[in-house]
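The values are calculated or read from the model by the stated rules, or taken from the named source; none is laboratory data. Everything numeric here is computed off the predicted structure, so don't read it as measured data. Backbone-built Cβ (ideal geometry, glycine too); neighbour counts: all protein chains shown. Side chains are part of the model used for accessible areas, which takes the heavy atoms of the whole protein and leaves out ligands, DNA and RNA. Shrake-Rupley method; radii C 1.70, N 1.55, O 1.52, S 1.80 Å.
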Amino acid sequence: MIRKGFIFDLDGVIVDTAKYHYLAWKKLAESIGISFTEEDNEQLKGVSRVRSLEKILAWGNKELQEDKFMELLAVKNNDYLEYIASMDENELLPDVKRVLQFLLDSGQPIALGSASKNARKILKEVHLYAAFHTIVDGNDVTNAKPDPEVFLRAASGLEVTPLNSIVFEDSLAGIQAANNAGMTSIGIGNPEILKEADYVFQDFTEMSNEFLHQLIHQ
Ligand code: BG6
Ligand code: MG
């Protein structure tokens, strides 16, 4: 059997934190007079903190000095950390545990591939830190999704080739990163937004163990 590796994004795939990133960015954008909708937010999913603020400023035709830029990044992250302060396993998305457990019980290596610098903290809070064989997060990469760096590093940590890597992602940038890496991309969320993915499921409750079994053995 060929060795496979399964790479999970964090925000919006494992935990229901995408809504908190949205709320914190909306508050930040509006505080500097830039309107911010859910459609705008869709373009920030999977995108690093720095790149997200650059995009918001570009939408609002604003430029900031470096120190102000850094200050706003800190404000956004503090707001976000407040939202997730009381986080526990209730924030795990439906059937995430079943999917992880099925893969682990089948002897499959699993990795995290996230743009977030808060990823390790969140995994500890939901008691999943020890489940991952490899963790690559926003502290480990220089190039943001859709650049494939985060997933290539995760695959290398798992000692699998990109061709034998399977990525679960809720963002378009993340699906493009997986495709750019030459990996199998599985979208979790809206099929309209994630149409570049090899497969799309609304959420993990729609993904059967038979499907996972096929991924392992194909
Ligand atoms: C991604 C999120 O996982 O991480 C983005 O989809 C977020 O919304 C990015 O901006 C960076 O996260 P953090 O926690 O480092 O600000
Ligand atoms: Mg995500």
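So, in the stretch 78-97, exactly how many residues are surrounded by 14 or more Cβ atoms within 10 Å (Cβ to Cβ) and either small (Gly, Ala, Ser) or more than 26 Å from Leu152 (Cβ to Cβ) (or both)? Residues that pass the stated criteria total 10. Applying the criterion of being under 13 Å from the mean Cα position of the chain (by Cα) and in a loop (DSSP other than H, G, I, E, B) to the residues of the stretch 163-197, the residue that is surrounded by the most Cβ atoms within 10 Å (Cβ to Cβ) is Ser171. Of all residues in the stretch 36-67, those satisfying the criterion of being surrounded by 14 or more Cβ atoms within 10 Å (Cβ to Cβ) and part of a loop (DSSP other than H, G, I, E, B) are Phe36, Gln43, Leu44, Lys45, Gly46, Val47, Ser48, Gly60, Leu64. Residues being within 21 Å of the chain's Cα centre (by Cα), within 12 Å of ligand 1 (Cβ to nearest atom) and either at pLDDT 95 or above or over 17 Å from Asn78 (Cβ atoms) (or both) are entirely absent from the stretch 32-39.
Of all the residues that make up the stretch 152-177, how many are of a type in the set (Gly, Ala, Ser) and more than 19 Å from His133 (Cα to Cα)?
4
Can you tell me which residue within the stretch 135-149, out of those that are over 11 Å from Ser48 (Cβ atoms) and of a type in the set (A, V, I, L, M), is least open to solvent (accessible area, probe 1.4 Å)? The extreme case among them is Val136. Checked across the stretch 77-85, the condition of being touching a residue at least 40 places away in the same chain (Cβ under 8 Å), more than 14 Å from ligand 2 (Cβ to nearest atom), under 18 Å from the mean Cα position of the chain (by Cα) and more than 16 Å from Asp16 (Cα to Cα) holds for at least one residue. For the stretch 1-21, taking the residues that are within 8 Å of ligand 1 (Cβ to nearest atom) and part of a helix (DSSP H, G or I), the one that is most open to solvent (accessible area, probe 1.4 Å) is identified as His21.
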